[in-house]
Amino acid sequence: MANYSISASQITEGKNVFIRGKLGFAVLARLIEGAELVASDQRKTTNGMNPVGKPHTTATITDAEVQFADPDNPTPEEQFVSERRYNSPKRPETGPNYSIDSKGSTLPVIAIPSPKGDGTYDQDESGQELAPGLDVTLVLRTYKPKDFNNRGLALEQVIVHEAPRYFKAGGVDQAELAARGIVLNGTPRPVQATPAGAAPAAAAVPVATEAEDGLAFPAPQPASASVAAQAPVQAPATAVAAPVAAAPAPDAVPAAAPAPAPAQQETLEEKLARLEAENASLKDAGSPVGSPVATGPWNGSGPAQQAGITYQG
């Protein structure tokens, strides 16, 4: 455990300390709260650090150096901050590091160089997070918590000593592209890649998978089943009303079934004509009575008779 010459009870509230370095990590444009706070505290506990437990902003700088108002006579507050710098075991090349978790609902003021170039600063109201690597000064303020004798530190301001750059998750700084003569029209948008072997969404074949009130509704079929679904589906035959033939005689044998319809598509008029022709050719076929003869026993003067078995009353 580090031995400090200045404790938190020895400093006075309401004092400012300036510490300068390269921005390593920061969340300054919003509060860390809710589920993000829970996850952050869990990481701190896992790494042997004290959880914050309250909404806060945070900043870490590397190559950190306290800007003493009088280097020959540092104040207790300046000494307190300087002693709490640390070396990163994972990144010793970053020199002394300093981190602060600033509790409270107020965001720190971020000051950036004025575009006038007169050495003044403007408040950054972009609402964006500063990019790592910026040359910054953290302005700290000492305060006394309500229920504790020890003093605490709050992050009041962040002074940026160069043209501001902003953090872009997974993106490319457009200013760096422009410095290389590459200027994009509009804002780049990420494009979602289609996994290898996955069928495009348009290839999904709708199949009935859901029902409501007795009606089935189509839903997209999974890509794994789309190949099998590409085979032609046999459509159900559409019933077509055929003309009703005249009822045969009571002692007639039922007519033979009509020949199957041709495979090619035929119009309704063609089908009706075909069925009428079939009915005419098959009428009385195979009957023991037979078909009518042209003349009867009266040499055409009487009604026509049928060949075969007859009964004369």
Amide H contacts under 5 Å for G24, placed H, 5+ residues apart | T60, I61, T62, G133
Once the other residues with Cβ under 15 Å from the Cβ of S114 are scored (Lys, Arg +1; Asp, Glu -1), what is the net sum?
-> -4
Placing one equal point scatterer on each C-alpha of segment 1-86 and summing with Debye, one gets log10 I(q)/I(0) at q = 0.12, 0.19, 0.22, 0.26 Å⁻¹ equal to -0.48, -1.08, -1.22, -1.26
Amide H proximity to K15 below 5 Å, modelled H, separation 5+ or other chain, gives T142
Counting only heavy atoms of the protein chains, get the accessible area per residue of segment 1-85 (1.4 Å probe) and round it to a whole Å² value.
-> 58
Environment charge of G152, counting only residues whose C-beta is closer than 15 Å and scoring Lys/Arg +1, Asp/Glu -1 = +3
So what is the relative contact order for segment 26-66, in percent, with contacts set as C-alpha pairs under 8 Å and at least six apart?
-> 52
Give me the accessible area per residue for segment 124-172, probe 1.4 Å, as a whole number in Å².
-> 55
Answer rounded, prolate or oblate for segment 43-134, using the Cα gyration tensor with square roots of eigenvalues a ≥ b ≥ c: rounded when a/c is under 1.5, else prolate when a/b is larger than b/c, else oblate.
-> oblate
Enumerate the amide H contacts of H56 below 5 Å, restricted to partners 5 or more residues apart or on another chain; note that Pro and chain-start residues carry no placed amide H.
-> I32
To the nearest Å, what is the center-to-center distance of segment 8-61 and segment 133-172, using C-alpha atoms only?
-> 9
Where does the charge balance sit around E266 when Lys and Arg score +1, Asp and Glu -1, over other residues with C-beta under 14 Å from its C-beta?
-> -2
Above-threshold pairs, the threshold being 24 Å between Cα atoms, out of K22/K44; K15/K168; K44/K103; K103/K144 = K15/K168
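The values are calculated or read from the model by the stated rules, or taken from the named source; none is laboratory data. All of these numbers come straight from a predicted model, not from anything done at the bench. Backbone-built Cβ (ideal geometry, glycine too); neighbour counts: all protein chains shown. In case anyone asks, the SASA skips ligands and DNA or RNA and just uses the protein heavy atoms, side chains included. Shrake-Rupley method; radii C 1.70, N 1.55, O 1.52, S 1.80 Å.
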